[in-house]
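Report on the structure given below.
The values are calculated or read from the model by the stated rules, or taken from the named source; none is laboratory data. The model shown is predicted, which means the values in this text are computed figures rather than measured ones. Ideal geometry is used to build each Cβ from the backbone, glycine not excepted, and the neighbour counts take in all protein chains shown.
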Amino acid sequence: MGGRGGGSPRGASVSNAGVPGPAVSREAQAESAIRSYVLQHQADRSWVTMADIREFALSGFSREEQDAALKNMDNDPNVRIMHWDNRKSLTPRDHAAALPLAGTTMDVVRIL
């Protein structure tokens with residue numbers, strides 16, 4: 001059956017049984033977008049603000065998808081998601097973008 005070459009349609013994943021595999025979850029897509037953005041924008045392992053990540057890397061994702069991806073990334077030992085101690089330096093945009101986690105708000109991300 002199928003056409004010449006017997007391959008799967010472009011972009012579809014196929015299991016050994018020839019049945020399409022599950023699509024990549026929105027959370028996994030969001031996590032990939034976060035990682036890519038942070039790695040491109042952190043200079044010399046500096047911190048990237050949650051506000052910039054949400055605005056520039058995650059604008060196509062719901063807040064719930066963003067938060068789920070960020071919380072999942074917090075389990076990675078090479079990812080640091082931190083509370084910014086100098087609260088006076090944060091803008092209203094920073095406060096609105098903060099990730100609620102571990103009883104506080106997280107404001108910045110870095111990947112080692």
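Mind checking whether some residue in the stretch 7-27 is modelled with pLDDT of 65 or more and either outside any loop (DSSP other than H, G, I, E, B) or in contact with a Gly (Cβ under 9 Å, 6 or more places away or on another chain) (or both)?
Checking the stretch 7-27: at least one residue is modelled with pLDDT of 65 or more and either outside any loop (DSSP other than H, G, I, E, B) or in contact with a Gly (Cβ under 9 Å, 6 or more places away or on another chain) (or both).
Across the stretch 57-112, which residue is nearest to Gln29 (Cα to Cα) among those that are of a type in the set (Gly, Ala, Ser) and in a helix (DSSP H, G or I)?
Here the residue is Ala69.
Condition check: in contact with a Ser or Thr (Cβ under 7 Å, 6 or more places away or on another chain), farther than 24 Å from Val24 by Cα and β-branched (Val, Ile, Thr). Does Val48 satisfy that?
No.
Being of a type in the set (A, V, I, L, M, F, W, C) and within 12 Å of the chain's Cα centre (by Cα) is the requirement here; does Met50 meet it?
For Met50, the condition - of a type in the set (A, V, I, L, M, F, W, C) and within 12 Å of the chain's Cα centre (by Cα) - is met.
Taking the stretch 38-51, which residues are assigned to a helix (DSSP H, G or I) and buried (at least 19 other Cβ atoms within 10 Å of the Cβ)?
Val38, Met50, Ala51
Residues of the stretch 52-73 being under 17 Å from Pro100 (Cβ atoms) and surrounded by fewer than 16 Cβ atoms within 10 Å (Cβ to Cβ), which ones?
Selection gives Ser62, Arg63, Glu64, Asn72.
Using beta carbons and a limit of 8 Å, which pairs, at least six apart or on different chains, have the first residue in the stretch 86-112 and touching a residue at least 24 places away in the same chain (Cβ under 8 Å) and under 18 Å from Ser46 (Cα atoms) and the second one of a type in the set (Val, Ile, Thr) and not in a strand (DSSP E or B)?
Val109/Ile34; Val109/Val38; Val109/Ile53; Arg110/Val38; Ile111/Val38
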